[in-house]
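Below: one structure, written as structure tokens.
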Amino acid sequence: MNQLAASRRDFATLIVTCPDQPGLVSLITALIARNKGNIISLDQYTTDPRGGDFFQRVVFHREGLSAALPEIEADLAATLGPHEIDYRLVEGSALKRMAVLASKSDHCLLDLLWRHQRGELPVTIPLVISNHSDLAEEVRRFGIPFFHVPSQGEDKSEAEARILELLDGNVDFVVLARYMQILSESFIDEAEVPIINIHHSFLPAFIGAAPYRKAKERGVKLIGATAHYVTKDLDEGPIIEQDVTRVNHTMTAADMQTRGANVERAVLSRAVRLHAEDRVIRHGNQTIVFT
């Protein structure tokens, strides 16, 4: 167990989703208390107290948690099951395994690797995959395996099959750190894990090549970035995190791109942390984010 995982030992996070109804908070907190848990933080939200949906995230500490988990899980099933409550109990020391897919741009990838090395992201990174070999040495300096999977031409099926083979059973979620390939619907389905993407977001939105040049030509005043879950609808998945920065007429397209890269790094790292700490609950094409 590494140092970060050890610091999270005996902590657990309980995620609850269900139709809103009276007594939910009492029911859940009483369950934790009788299982000798000490609640550290509790966040909740309801879409409407009259027939809406209820969401809750509870972090608690329990000495000897690993040994007590079977008993706690049995109590959860017996107590919450009859109330149509969906729940997920996550042991704090079980860090999520994150694969990173990248292309030639290194700013988001290296920022994630650096933050991971510093212990700022509660994840393990079993592998990095890229459709180019440019970043191989930089990645390996972090002691993380690098896999080059070329992807050329219209047919991406061979490359996607190889990536799925590398991911299978090895990861809990995937991050696209400026991976400049469009994933097929079949890949998204077969991966069977959440996929997080980062992309620039402007008003107006500039699609295709050279977005910062187009932004400069249009005279935009704000540039930004959006991190979201990947769905079959391109760049329309549930949003996890966003941010913007101001620009003005004195800046070149290169200046804007530098500022944009800074925002992309910050937004993606926050999105990864939020997901890794089970602070994001998907609700249709929206997210409930407990910060």
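The values are calculated or read from the model by the stated rules, or taken from the named source; none is laboratory data. A quick note: this is a predicted structure, and the numbers were derived from the prediction, not measured. Please note: Cβ atoms are built from the backbone with ideal geometry, for glycine as well, and neighbour counts cover all protein chains shown. To get the accessible areas, we keep the full protein, side chains included, count just its heavy atoms, and leave off ligands, DNA and RNA. Shrake-Rupley method; radii C 1.70, N 1.55, O 1.52, S 1.80 Å.
Structure above, values below:
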{"quantity": "Options Lys232, Lys216; residue that is farther than 29 Å from Ile163 by Cβ, open to solvent by 30 Å² or more (accessible area, probe 1.4 Å) and free of Cβ contacts under 8 Å to residues at least 60 places away in the same chain", "calculated": "Lys216"}
{"quantity": "Filtered residue count, segment 173-213, keeping only those that are in a loop (DSSP other than H, G, I, E, B), touching a residue at least 40 places away in the same chain (Cβ under 8 Å) and either open to solvent by 60 Å² or more (accessible area, probe 1.4 Å) or touching a Cys at 6+ places or on another chain (Cβ under 9 Å) (or both)", "calculated": "4"}
{"quantity": "Those residues of segment 241-271 which are of a type outside the set (Asp, Glu), open to solvent by less than 10 Å² (accessible area, probe 1.4 Å) and touching a His at 6+ places or on another chain (Cβ under 9 Å), in sequence order", "calculated": "Gly260, Ala271"}
{"quantity": "Boolean, Lys96 is open to solvent by less than 60 Å² (accessible area, probe 1.4 Å) and either closer than 25 Å to Pro194 by Cα or not hydroxyl-bearing (Ser, Thr, Tyr) (or both)", "calculated": "yes"}
{"quantity": "Residue within segment 139-146 that is under 17 Å from the mean Cα position of the chain (by Cα) and modelled with pLDDT of 95 or more present", "calculated": "no"}
{"quantity": "Residue pairs meeting the criteria (Cβ under 7 Å; at least 6 apart or on separate chains; first outside the structural domain of Ala77 (by the TED database), in segment 24-46; second open to solvent by 50 Å² or more (accessible area, probe 1.4 Å) and among the aliphatic types (A, V, I, L, M))", "calculated": "none"}
{"quantity": "Segment 127-138 residues that are surrounded by 14 or more Cβ atoms within 10 Å (Cβ to Cβ), paired with ones that are assigned to a strand (DSSP E or B) and of a type in the set (A, V, I, L, M) (beta carbon under 6 Å, 6 or more apart)", "calculated": "Leu127/Ala99; Val128/Val100; Ile129/Leu101; Ser130/Ala102"}
